[in-house]
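Working notes for the structure below.
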Amino acid sequence: MDDLFNPTSEHRTLRQTIRSFAEKEIEPQAAEHDRLEKFNHALFRKVGELGILGLTVDPQYQGAGMDAAAVALAHEELSAVDPGFALAFLAHTLLFANNLSVNGSDAQKQRYLPDACTGARIGGMCMSEPGAGTDVLGLRTTAVRKGDRYVLNGAKMWITNGAVSDTELGDMFLVYARMEGAPRSKLSMFIVEKGFKGFSLGQKIKDKLGMRASTTAELVFEDCEVPVENLVGEEGDATVHMMRNLEIERLGLAAMSLGIARRCIEVMNRYATDRKSFGQPLRDFGQIQRHIAESYAEYMAGRTYTYWAASKLDLDKPGGRLDSDGVKLYCSTMAKNVADRAIQTLGGYGYVGEYRVERLWRDAKLLEIGGGTIEAHQKNMTRELARTEKLP
Amino acid sequence: MKILVPLKRTADPDNANKIKIAPGGAKVVTDGLEPKPNPFDEYAVESALRLTENGTNPKARLAGDSVVVATFGAKEASQTLRQALAMGADSGLLFEASDENLDGDLVARALAKVVEREKPDLVVMGKQAVDGDSNQVGQILAERLGWPSATFAMSIELSQDKKSVIVGREVDGGVIKLKLALPAVITVDLRIVAPKSITNHVTPQTHNYQEGARYAPLPMIMAAKKKPLAEAPFASLGVEGVKTSYVKFEAPPARKAGIKVKDVPELVQRLRAEAKAL
């Protein structure tokens, strides 16, 4: 009864629960929050009651201690109804909670993870900067130790959950910076909370093409004071943390692509039966058959690859570079193409909001950029493959 | 108090329009539809949980209380039971059977056997399954057991001594309240999951439940795997023989398009002359 997509009966129940919650509670608000470009904070707290905000966090800190397959299915199900909301979930659950759960000290986890797991406080991760994206090691935010504090200076860009409204900062962040004078490859990571001196919301970024139900912000650190106990790991240690956590992020983003693709296929498949043209259902036309059949085959290929990669991904160890890049490379473009075909199949009805595919098409585009551009995946995979003579 | 909730797995009721009739009308085809718990049965699970908990701590049953869920169906139906266990039920019973070999009467007879074994104080079940819509099992079960029953419940109040319930039933023009001595059978309607439709004199009067059946939180899903779920063949219940056979299935006739009238006099005239409604 269990399969690749639902490795155990708990995974299956979790999928059903999230799907049912998503259809009843998330779907009805999705279009409006997209239009208003607004994050639904109340709904986020409600998701906290489901106990999935600490999906991979050790139960000792009120998490659920689940695996990469659970990460994939949760993101897939949430994204099928509201990718923007799913992205806020990802930033909180993977970039903050999972990252701290894997890399933090016991005291840090005690202090921050229970609130993350219930949704009492919302978290995010700060890596990109106005001048450093794919070239992440080119980041310029600095940290200096001064007595019992670290002092951070710099700006972070494209931070999901950076704000909870137009003017209000998110609650807590993992921030990558470089100790002054440290070499390029040696990053350090700090936990920074709203309210720390010198930490402020630069701007909430507006007029996004998609993912509008999540907030994106520029965050500013101006002589920002961070207590020494908020250094995660050792100084210069964090490059490995970052690379390791980006693996599960890419898997989550690939799974979000799957949710988008699934929904788009369902919409076009149904429409192709209901809509008639020249006296026949659309699905009798070869051109439409190509849209539907290719979309399904690509979706299943991506889905199978993603859940296979999930089955191999150990959250506590690095080593999933090649295929975590691979699933996101494949699935993000696949979802965008499937959404595009769905719009094409629906014609004018696809181009407007009613059938959802227009929004999903806009949301899908972000997945080729955020969490690694497809060009970054191509670069990294090719570098990995240089070490491989024979493929499995 | 022990409550038994029988569950049925049905084809996704939200996509009922996709159900097809096999050629010749031999049977209903639900291929490609996702199996889901019958919604009225989910409401029954929710009702049973509300009766056996303090609503401010929905994770635990009250001391001495338990909820048992049971189903007759394919092996995959154990998933439906697991879901109920994750919502908060204590144990599950799967009797493996094929839906095609069951009818309302046989299900009721089999449930009577389950009741004999489990000895619940109360059976709470959906008023009907949304696939066959037979609406028979609760009634036949009560008759077989010789227990009082109330159908289509929209409210349940458990007495403080837990020896009786007052069941509200919506009828034309109001609500009838029936008092039943336990043990009894209650079948529930959709309003049973309104925020205050269940009273057990433990959950504070001020407590408002969220409308609908609860979602299983992830920690409960994990905990549910440790809860007992027994599987046995349906034949082990020692009942057999269906009395109902389906002659033919037909899709309802497609509705004709309506017309627009330009004013009220024309409406009245057409209602009188064509629709013969006046």
If we scan the stretch A:91-101, do we find a residue that is of a type outside the set (S, T, N, Q), within 14 Å of chain B (Cβ to nearest Cβ) and touching an Asp or Glu at 6+ places or on another chain (Cβ under 6 Å)? no
Sole exception among (1) surrounded by fewer than 23 Cβ atoms within 10 Å (Cβ to Cβ); (2) more than 10 Å from chain A (Cβ to nearest Cβ); (3) touching a residue at least 40 places away in the same chain (Cβ under 8 Å); (4) under 19 Å from A:Leu14 (Cβ atoms) for B:Val69, by number: (1)
Given the structure, is A:Glu225 part of a helix (DSSP H, G or I), buried (at least 16 other Cβ atoms within 10 Å of the Cβ) and not aliphatic (A, V, I, L, M)? no
Tally the residues that are under 15 Å from A:Phe190 (Cα atoms), assigned to a helix (DSSP H, G or I) and open to solvent by 10 Å² or more (accessible area, probe 1.4 Å), restricting the search to the stretch A:80-105. 4
Within the stretch A:125-163, tally of residues that are open to solvent by less than 20 Å² (accessible area, probe 1.4 Å) and assigned to a loop (DSSP other than H, G, I, E, B): 4
Scan the stretch A:339-356 and report the pairs whose first residue is more than 16 Å from A:Ile292 (Cα to Cα) and whose second residue is modelled with pLDDT under 95 and in a helix (DSSP H, G or I), with Cβ atoms within less than 9 Å and a gap of 6+ or a chain change. A:Tyr349/A:Tyr355
For the stretch A:184-211, how many residues meet the condition of being under 19 Å from the mean Cα position of the chain (by Cα) and open to solvent by less than 40 Å² (accessible area, probe 1.4 Å)? 5
Output the residues belonging to the stretch B:259-275 that are open to solvent by 70 Å² or more (accessible area, probe 1.4 Å) and assigned to a loop (DSSP other than H, G, I, E, B). B:Ile259, B:Lys260, B:Lys262, B:Glu274
Of all residues in the stretch B:40-60, which are out of contact with any His (no Cβ under 9 Å at 6 or more places or on another chain) and either hydroxyl-bearing (Ser, Thr, Tyr) or at pLDDT below 95 (or both)? B:Tyr43, B:Ser47, B:Thr52, B:Asn57, B:Pro58, B:Lys59, B:Ala60
Members of the stretch B:237-256 found to be under 26 Å from B:Ser98 (Cβ atoms) and either of a type in the set (D, E, K, R) or surrounded by 10 or more Cβ atoms within 10 Å (Cβ to Cβ) (or both), listed by number: B:Leu237, B:Val239, B:Glu240, B:Val242, B:Lys243, B:Thr244, B:Tyr246, B:Lys248, B:Phe249, B:Glu250, B:Ala251
Test each condition in (1) free of Cβ contacts under 8 Å to residues at least 60 places away in the same chain; (2) closer than 20 Å to A:Arg12 by Cα; (3) open to solvent by 40 Å² or more (accessible area, probe 1.4 Å) for B:Asn57 and report the one that comes out false. (2)
Just to confirm my filter: which strands (runs of 3 or more DSSP E) fall fully inside the stretch B:164-223 and include at least 2 residues that are surrounded by 14 or more Cβ atoms within 10 Å (Cβ to Cβ), hydrophobic (A, V, I, L, M, F, W, C) and in contact (Cβ under 8 Å) with a residue 24 or more places away in the chain? B:174-181, B:184-188
If I ask for residues that are touching a strand residue (DSSP E or B) at 6+ places or on another chain (Cβ under 7 Å) and free of Cβ contacts under 8 Å to residues at least 40 places away in the same chain, which ones from the stretch A:211-267 would you list? none
Unmet criterion (only one of (1) of a type outside the set (D, E, K, R); (2) within 14 Å of chain A (Cβ to nearest Cβ); (3) farther than 16 Å from B:Ala129 by Cα) for B:Pro35: (3)
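Which one is nearest to the other protein chains (Cβ to nearest Cβ) among residues in the stretch B:193-223 that are within 17 Å of B:Glu53 (Cα to Cα) and among the aliphatic types (A, V, I, L, M)?
Here the answer is B:Ala216.
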Read through the list (1) open to solvent by 40 Å² or more (accessible area, probe 1.4 Å); (2) hydrophobic (A, V, I, L, M, F, W, C); (3) over 24 Å from the mean Cα position of the chain (by Cα), then give the number of the only condition that A:Met179 fails. (1)
Can we say A:Glu76 is under 27 Å from A:Gln16 (Cβ atoms) and either open to solvent by 10 Å² or more (accessible area, probe 1.4 Å) or among the charged types (D, E, K, R) (or both)? yes
From the options B:Phe40, B:Phe95, residue that is aromatic (Phe, Trp, Tyr) and closer than 21 Å to B:Glu116 by Cβ: B:Phe95
For the stretch B:224-246, enumerate the residues that are within 10 Å of another protein chain (Cβ to nearest Cβ) and either among the β-branched types (Val, Ile, Thr) or assigned to a helix (DSSP H, G or I) (or both). B:Ala224
Residue set A:Gly372, A:Gly326, A:Gly353, A:Gly348; condition out of contact with any strand residue (DSSP E or B) (no Cβ under 7 Å at 6 or more places or on another chain) and under 16 Å from A:Ile260 (Cβ atoms); output residue A:Gly353
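The values are calculated or read from the model by the stated rules, or taken from the named source; none is laboratory data. No experiment lies behind these values; they were computed from the predicted model shown. Ideal geometry is used to build each Cβ from the backbone, glycine not excepted, and the neighbour counts take in all protein chains shown. In case anyone asks, the SASA skips ligands and DNA or RNA and just uses the protein heavy atoms, side chains included. Shrake-Rupley method; radii C 1.70, N 1.55, O 1.52, S 1.80 Å.
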